[in-house]
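Asker: Take a look at this one; I'll ask things after.
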Amino acid sequence: LHARYVLQLLSETRRVLKEMPNITHLSTSYSKEITVCGDLHGNLDDLLLIFYKNGLPSEQNRYVFNGDFVDRGKNSMEILIILFAFLLIYPNDLHLNRGNHEDYLMNLRYGFTKEVSKKYKV
């Protein structure tokens, strides 16, 4: 995705996240399931497999991602783009919890900063 569109996506995601509370309370019932995922660590194949097996996020197919989206794998940026796009489309049905790998120092140490610099030199 071109850097211009990534910046637009990031800007809009930031605006939406700033409006959301720090703590989200979710409830389930027998008729509504929530898929809980964690530790993608930049592995796009894992995210695509999750969506293949469980379906794409929607109002009827809710997700919680428990952090560690980035670092270690080579597709952290693509994972964020996909998750942020779904968050903007379904802000009440896709939830993103920050993990320890969504930290500046962890990003420096485990590769996300390098990945972003390599893919988006601007």
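The values are calculated or read from the model by the stated rules, or taken from the named source; none is laboratory data. Keep in mind the model is a prediction, meaning the values are calculated, not measured. Note that we place each Cβ from the backbone using ideal geometry, even for glycine, and neighbour counts take in every protein chain shown. These accessible areas exclude ligands, DNA and RNA; they are computed on the full protein's heavy atoms, side chains included. Shrake-Rupley method; radii C 1.70, N 1.55, O 1.52, S 1.80 Å.
Asker: Hey, does segment 13-24 have a residue that's closer than 21 Å to H2 by Cα, touching a Gly at 6+ places or on another chain (Cβ under 9 Å), among the hydroxyl-bearing types (S, T, Y) and not in a loop (DSSP other than H, G, I, E, B)?
Answerer: Taking segment 13-24 first, the residues closer than 21 Å to H2 by Cα are 13-15.
Then keep just the ones that are touching a Gly at 6+ places or on another chain (Cβ under 9 Å); that gives none.
No, there is no match, as no residue in segment 13-24 is closer than 21 Å to H2 by Cα, touching a Gly at 6+ places or on another chain (Cβ under 9 Å), among the hydroxyl-bearing types (S, T, Y) and not in a loop (DSSP other than H, G, I, E, B).
Asker: Here's a check for you: in segment 42-57, which residue that is open to solvent by 80 Å² or more (accessible area, probe 1.4 Å) and aliphatic (A, V, I, L, M) is farthest from the chain's Cα centre (by Cα)? Spell out the reasoning first.
Answerer: So the first thing to find is which residues in segment 42-57 are open to solvent by 80 Å² or more (accessible area, probe 1.4 Å), and the list is 45, 48-49, 52-53, 56.
Subsequent filtering for residues that are aliphatic (A, V, I, L, M) retains 48-49, 56.
Details: L48: 12, L49: 15, L56: 13 Å.
Top of the filtered list is L49.
Asker: Of all residues in segment 50-97, how many are touching a Ser or Thr at 6+ places or on another chain (Cβ under 9 Å), more than 30 Å from K121 (Cβ to Cβ) and in contact (Cβ under 8 Å) with a residue 40 or more places away in the chain?
Answerer: Within segment 50-97, residues that are touching a Ser or Thr at 6+ places or on another chain (Cβ under 9 Å), more than 30 Å from K121 (Cβ to Cβ) and in contact (Cβ under 8 Å) with a residue 40 or more places away in the chain number 1.
Asker: Can you find, within segment 8-27, the residue that is farthest from the chain's Cα centre (by Cα) among those that are open to solvent by less than 80 Å² (accessible area, probe 1.4 Å) and over 22 Å from G73 (Cα atoms)? It would help to see each step written out before you state the result.
Answerer: Within segment 8-27, the subset open to solvent by less than 80 Å² (accessible area, probe 1.4 Å) is 9-13, 16-17, 20, 24, 26.
Narrowing the set further to residues that are over 22 Å from G73 (Cα atoms) leaves 11-13, 16-17, 20, 24, 26.
Numbers: S11: 15, E12: 14, T13: 10, V16: 14, L17: 12, M20: 15, T24: 16, L26: 18 Å.
That would be L26.
Asker: Would you pick out the residues in segment 28-41 that are open to solvent by 90 Å² or more (accessible area, probe 1.4 Å) and part of a loop (DSSP other than H, G, I, E, B)?
Answerer: T28, Y30, S31, E33
Asker: Could you tell me whether E78 is of a type outside the set (A, V, I, L, M, F, W, C), modelled with pLDDT of 90 or more and open to solvent by less than 40 Å² (accessible area, probe 1.4 Å)? So that I can check it myself, show each step before the final result.
Answerer: Details: of a type outside the set (A, V, I, L, M, F, W, C): yes; modelled with pLDDT of 90 or more: yes; open to solvent by less than 40 Å² (accessible area, probe 1.4 Å): no.
No; evaluated as a whole, the condition is false for this residue.
Asker: Further question: Search segment 58-79 for residues being more than 12 Å from the chain's Cα centre (by Cα) and of a type in the set (G, A, S), and hand back the single one that is farthest from L9 (Cα to Cα).
Answerer: Within segment 58-79, the match that is farthest from L9 (Cα to Cα) is G73.
Asker: Also, quick follow-up: Find the residue count for segment 58-73, including only residues that are in a loop (DSSP other than H, G, I, E, B) and either modelled with pLDDT under 90 or in contact with a Leu (Cβ under 8 Å, 6 or more places away or on another chain) (or both).
Answerer: Filtering segment 58-73 for residues in a loop (DSSP other than H, G, I, E, B) gives 58-61, 67-73.
Now restrict to residues that are either modelled with pLDDT under 90 or in contact with a Leu (Cβ under 8 Å, 6 or more places away or on another chain) (or both): 67-73.
The number of residues fulfilling the criteria is 7.
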